[in-house]
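Trainee: Okay, handing you the structure first.
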Amino acid sequence: MRASSRPVVVPGRHQAPPPAVAKAPLWLTATFLACALAAVRVVLVSVVPYDRAVGLFDDDAFYYFGVARRLAEGAGSTFNGIDLTNGYHPLWLLLLVPVFAVAHGHAALVVVTCLSSVVVIVCARFIDRVGAHTGRPVLVAVAAAPLLLLGATGPAFFFSGMETGLLLLAVCWLGATYVRTDGFTAPDFGVVRARSAGVLMGLVVLARLDAVFPMVLLGLLAALTWRRAGRRWVLLTVSLAVWPAVLLSGYVVVNLVGFGTPAPVSGQAKALGGSGFNLDVVGQFASAPVLFGRGTWLGALAVVVVVVALVFPVSERLDVAARFGAVVLAGGVLTVGYYALTSSWQLWPWYFSAAPTALVFALPAVLARFATRVPVRVLAASVVALLVLAAAAVNGVRVAGGGVQRAAFIEAGPAVAARVDRLLPLGVPIAVGDRAGSLGYHLTRPLVHLEGLVNSAEYLDALRGGRVNRFLARRGVALYGRGDAEPGAPDPANPGCVRFAEPAQGAGAKASVVVCDRDLVLNDPIEDGTSYRVWRYRTELNP
């Protein structure tokens, strides 16, 4: 007898649907909290001086802003106006291009913050849908508090100007769909719904390309579930995978045609020199994300919570949500493991969003075992909401007030760029490695990025082949800048000169840049104890 003729037993549907419950009070929803956090951020970015507003974004966000502005001006996908680059995640950049087509200067930062506000509010709305589908809206809102707190403070997943907020929106949208359809096993989940879920999975990957890891896990879990349930698992699996395959294939083709490389140069630059296993990033995952300069250890907590939620089931829909949280966390572990194997670079806060996201889906199942009294839940949730809002407001005011070490060099970008633009010869390119985002965005002269994150595939070939100085000479680079306190190594062949290794990050291929004390034309101290220094770049010293 064929499997399709047997009664269909769908895992997770052995219990009655969750009882209807009253909706959570408005002030205890993730959406309400997200609206409050967004209002605080928009006001801060709007009212503080421009250099302080700049400090409310990550330095790498200005790589996005620079490319988006060039695209809006019709100059192509380039950060410096010279080299074409694909060093970004595509979906967020596409959303930024219209922003920089209509807004400039301080107004552009305000509009980006408004766009980020829409992203966080919609993301929170999907989180509340998870609460409604599980019948535990208050518990889900409480579980979302760490994500919303870290989304508006610390690493600022939602408001840093990076792609992470869009990734979280897509993941929570997909998670709400997964819970609503009982883990893609509802009776009405057929080919059409599988294709729709596949579109969401494709958007997740386009929002951040390394999200392919949790999406592959989710696809495998769905296929296994369908097979065990006697569903037409091959047809459903193909339907689920078709749109992610189409979207990623299109992305690869665009890269090959437009940039001569199938993958983003930012990822390739970080992979140069990867060997062995980088244990540091594993420790980062366990202790991250960082809040107010200290590790939250949400990575380790999320592992415990997910295991407990899976081992001790509570109710049908909560268990489905916990499974999705496990997929998100496992995907985050695989992502970090991939970078530990392939890159020697340090990972930054936006790499560690998997843990707080997994808690949104898995923590309610754990809390449900203890939170049995409604008044206690409401009181606890109210306190959590107030603490999140207060922490976000305090952190925003603290950063906007200046002097925060993390933001000091970003805030210095506009003023330093103005001084660099006045250096002779006017308009010629400058080469800079680390800390080039805010500086390069505010320059009117081209900046050649020595880390390669927003440079070209040609630059990476030059870096691998030891031809970086020739690459710079062909572009007419006449200045070299750094944003640190590194003294450099004395150059034996040229007294009074020092040698710097670029890029500073990682243990991969390096270029050697020689500059001399007599050629130092700018030394601008920064509040974090470092300084922006600029030397005249001499091709005769850097053949």
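Trainee: Go through the stretch 20-91 and tell me which helices (runs of 4 or more DSSP H), entirely inside it, have 2 or more residues that are under 18 Å from the mean Cα position of the chain (by Cα) and at pLDDT 90 or above.
Mentor: Working: elements: 30-47, 50-54, 61-73.
In the stretch 20-91, the matching helices (runs of 4 or more DSSP H) lie at 61-73.
Trainee: Still on this structure, please answer the following. Could you tell me whether LEU443 is loosely packed, with under 14 Cβ neighbours inside 10 Å, modelled with pLDDT of 95 or more and hydrophobic (A, V, I, L, M, F, W, C)? Can you show your working first?
Mentor: Details: loosely packed, with under 14 Cβ neighbours inside 10 Å: no; modelled with pLDDT of 95 or more: yes; hydrophobic (A, V, I, L, M, F, W, C): yes.
Against the criterion (loosely packed, with under 14 Cβ neighbours inside 10 Å, modelled with pLDDT of 95 or more and hydrophobic (A, V, I, L, M, F, W, C)), LEU443 does not qualify.
Trainee: Taking the stretch 148-174 on its own, how many of its residues are aromatic (Phe, Trp, Tyr), buried (at least 24 other Cβ atoms within 10 Å of the Cβ) and more than 19 Å from TRP297 (Cα to Cα)? Break it down stepwise before answering.
Mentor: The initial filter retains those residues of the stretch 148-174 that are aromatic (Phe, Trp, Tyr), namely 157-159, 173.
Filter again for buried (at least 24 other Cβ atoms within 10 Å of the Cβ), leaving 157-159.
Now narrow it down to the ones that are more than 19 Å from TRP297 (Cα to Cα): 158-159.
So the answer is 2.
Trainee: If you take the residues of the stretch 471-499 that are charged (D, E, K, R) and surrounded by 14 or more Cβ atoms within 10 Å (Cβ to Cβ), which of them is farthest from ALA271 (Cα to Cα)? Reasoning before the result, please.
Mentor: Quick first cut of the stretch 471-499, residues charged (D, E, K, R) only: 474-475, 482, 484, 486, 491, 499.
Of the ones still in play, those that are also surrounded by 14 or more Cβ atoms within 10 Å (Cβ to Cβ) are 475, 482, 484, 486, 491, 499.
Numbers: ARG475: 25, ARG482: 22, ASP484: 23, GLU486: 24, ASP491: 29, ARG499: 24 Å.
The selected residue is ASP491.
Trainee: Next up: Any idea which of ALA124, ALA101, ALA170, ALA145 is of a type in the set (Gly, Ala, Ser) and closer than 18 Å to PRO244 by Cβ?
Mentor: Details: ALA124 fails: closer than 18 Å to PRO244 by Cβ; ALA101 fails: closer than 18 Å to PRO244 by Cβ; ALA145 fails: closer than 18 Å to PRO244 by Cβ.
Of ALA124, ALA101, ALA170, ALA145, the one residue that is of a type in the set (Gly, Ala, Ser) and closer than 18 Å to PRO244 by Cβ is ALA170.
Trainee: Any residue at all in the stretch 152-161 that is in a helix (DSSP H, G or I) and either of a type in the set (Ser, Thr, Tyr) or more than 23 Å from HIS442 (Cα to Cα) (or both)? Lay out the reasoning, then the answer.
Mentor: Let us first name the residues in the stretch 152-161 that are in a helix (DSSP H, G or I), namely 152.
If we keep only those that are either of a type in the set (Ser, Thr, Tyr) or more than 23 Å from HIS442 (Cα to Cα) (or both) as well, we get 152.
Yes, the stretch 152-161 contains at least one residue that is in a helix (DSSP H, G or I) and either of a type in the set (Ser, Thr, Tyr) or more than 23 Å from HIS442 (Cα to Cα) (or both).
Trainee: A further question follows. Does ALA504 count as more than 21 Å from ARG536 (Cα to Cα), at pLDDT below 95, of a type in the set (A, V, I, L, M, F, W, C) and out of contact with any Phe, Trp or Tyr (no Cβ under 9 Å at 6 or more places or on another chain)? Steps first, please.
Mentor: Values: more than 21 Å from ARG536 (Cα to Cα): no; at pLDDT below 95: yes; of a type in the set (A, V, I, L, M, F, W, C): yes; out of contact with any Phe, Trp or Tyr (no Cβ under 9 Å at 6 or more places or on another chain): yes.
No; evaluated as a whole, the condition is false for this residue.
Trainee: Those residues that are within 15 Å of MET215 (Cα to Cα) and small (Gly, Ala, Ser), I need them from the stretch 226-258; list them, please.
Mentor: Answer for the stretch 226-258, where residues must be within 15 Å of MET215 (Cα to Cα) and small (Gly, Ala, Ser): SER239, ALA241, ALA245.
Trainee: Looking only at residues that are at pLDDT below 95 and surrounded by 12 or more Cβ atoms within 10 Å (Cβ to Cβ) in the stretch 527-543, which one is farthest from GLY433 (Cα to Cα)?
Mentor: We begin by selecting, within the stretch 527-543, every residue at pLDDT below 95; these are 527-529, 543.
Adding the requirement that they be surrounded by 12 or more Cβ atoms within 10 Å (Cβ to Cβ) leaves 527-528.
Values: GLU527: 20, ASP528: 18 Å.
That would be GLU527.
Trainee: Something else: Assigned by TED's automatic domain parsing to the domain that holds ALA340 and either surrounded by fewer than 13 Cβ atoms within 10 Å (Cβ to Cβ) or in contact with a Cys (Cβ under 7 Å, 6 or more places away or on another chain) (or both), is that true of GLY276?
Mentor: On the way: assigned by TED's automatic domain parsing to the domain that holds ALA340: yes; either surrounded by fewer than 13 Cβ atoms within 10 Å (Cβ to Cβ) or in contact with a Cys (Cβ under 7 Å, 6 or more places away or on another chain) (or both): yes.
Here the answer is yes, as GLY276 does meet what is asked.
Trainee: Considering only the stretch 291-304, state which residues are among the β-branched types (Val, Ile, Thr) and surrounded by fewer than 17 Cβ atoms within 10 Å (Cβ to Cβ). Can you show your working first?
Mentor: At the first step, the residues of the stretch 291-304 found to be among the β-branched types (Val, Ile, Thr) are 296, 303-304.
Answer for the stretch 291-304, where residues must be among the β-branched types (Val, Ile, Thr) and surrounded by fewer than 17 Cβ atoms within 10 Å (Cβ to Cβ): just VAL304.
Trainee: Just name the residue that is modelled with the lowest pLDDT out of those in the stretch 334-386 that are of a type in the set (A, V, I, L, M, F, W, C) and not in a helix (DSSP H, G or I). Working first, answer last.
Mentor: Taking the stretch 334-386 first, the residues of a type in the set (A, V, I, L, M, F, W, C) are 334, 336, 340-341, 345, 347-348, 350, 352, 354-355, 358-363, 365-368, 370-371, 374, 376, 378-381, 383-386.
Of the ones still in play, those that are also not in a helix (DSSP H, G or I) are 345, 347-348, 368, 370-371.
Working: TRP345: 89, LEU347: 87, TRP348: 86, ALA368: 88, PHE370: 76, ALA371: 65.
Among those that are of a type in the set (A, V, I, L, M, F, W, C) and not in a helix (DSSP H, G or I), it is ALA371.
Trainee: Go through the stretch 243-302 and count every residue that is among the polar types (S, T, N, Q) and in contact with a Phe, Trp or Tyr (Cβ under 8 Å, 6 or more places away or on another chain).
Mentor: From the stretch 243-302, those among the polar types (S, T, N, Q) are 249, 255, 261, 266, 268, 275, 278, 284, 287, 296; that's our starting set.
So of that shortlist, the ones also in contact with a Phe, Trp or Tyr (Cβ under 8 Å, 6 or more places away or on another chain) come out as 266, 278, 284, 287.
Residues that pass the stated criteria total 4.
Trainee: Please tell me if GLY465 is outside the structural domain of TRP345 (by TED's automatic domain parsing), touching an Asp or Glu at 6+ places or on another chain (Cβ under 7 Å) and free of Cβ contacts under 8 Å to residues at least 24 places away in the same chain.
Mentor: no
Trainee: If you go through the stretch 162-187 one residue at a time, how many are over 29 Å from LEU224 (Cα atoms) and either part of a loop (DSSP other than H, G, I, E, B) or of a type in the set (A, V, I, L, M) (or both)? I'd like the intermediate steps shown before the answer.
Mentor: First pass over the stretch 162-187, keeping only residues over 29 Å from LEU224 (Cα atoms): 162-165.
Restricting the remaining residues to those that are either part of a loop (DSSP other than H, G, I, E, B) or of a type in the set (A, V, I, L, M) (or both) gives 162-163.
Residues that pass the stated criteria total 2.
For every residue, the table says whether it meets (1) touching a residue at least 40 places away in the same chain (Cβ under 8 Å); (2) among the basic types (Lys, Arg).
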site: VAL432; (1), (2): yes, no
site: GLU458; (1), (2): yes, no
site: ARG482; (1), (2): yes, yes
site: GLY496; (1), (2): no, no
site: ALA511; (1), (2): yes, no
site: PRO543; (1), (2): yes, no
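Trainee: Pairs needed: first member in the stretch 146-164, under 11 Å from THR357 (Cα atoms); second member anywhere, among the β-branched types (Val, Ile, Thr) and in a loop (DSSP other than H, G, I, E, B); C-beta distance under 8 Å; at least 6 residues apart or different chains.
Mentor: From residues that are under 11 Å from THR357 (Cα atoms), the pairs are PRO146/THR296; LEU150/THR296.
Trainee: Right, here's the next one. Could you figure out which of (1) under 20 Å from GLY440 (Cα atoms); (2) touching a helix residue (DSSP H, G or I) at 6+ places or on another chain (Cβ under 8 Å); (3) small (Gly, Ala, Ser) isn't true of ALA107?
Mentor: Of everything listed in (1) under 20 Å from GLY440 (Cα atoms); (2) touching a helix residue (DSSP H, G or I) at 6+ places or on another chain (Cβ under 8 Å); (3) small (Gly, Ala, Ser), ALA107 misses just condition (2).
Residues checked against (1) surrounded by 21 or more Cβ atoms within 10 Å (Cβ to Cβ); (2) touching a helix residue (DSSP H, G or I) at 6+ places or on another chain (Cβ under 6 Å); (3) not β-branched (Val, Ile, Thr):
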{"residue": "ARG52", "(1), (2), (3)": "no, yes, yes"}
{"residue": "ASP59", "(1), (2), (3)": "yes, yes, yes"}
{"residue": "ALA68", "(1), (2), (3)": "yes, yes, yes"}
{"residue": "ALA72", "(1), (2), (3)": "no, yes, yes"}
{"residue": "ASN80", "(1), (2), (3)": "yes, no, yes"}
{"residue": "ASN86", "(1), (2), (3)": "yes, yes, yes"}
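Trainee: On to the next question. Select, from ARG317, ARG323, the only residue that is modelled with pLDDT under 95, assigned to a helix (DSSP H, G or I) and crowded, with 22+ Cβ neighbours inside 10 Å. Explain how you work it out, then say what you get.
Mentor: Values: ARG323 fails: modelled with pLDDT under 95.
Being modelled with pLDDT under 95, assigned to a helix (DSSP H, G or I) and crowded, with 22+ Cβ neighbours inside 10 Å holds for just one of ARG317, ARG323, which is ARG317.
Trainee: State the number of residues belonging to the stretch 129-138 that are surrounded by fewer than 24 Cβ atoms within 10 Å (Cβ to Cβ) and under 27 Å from the mean Cα position of the chain (by Cα).
Mentor: 1
The values are calculated or read from the model by the stated rules, or taken from the named source; none is laboratory data. Please read all numbers here as calculations on a predicted model, not as lab measurements. Cβ: placed from backbone, ideal geometry, glycine included. Neighbour counts: every protein chain shown.
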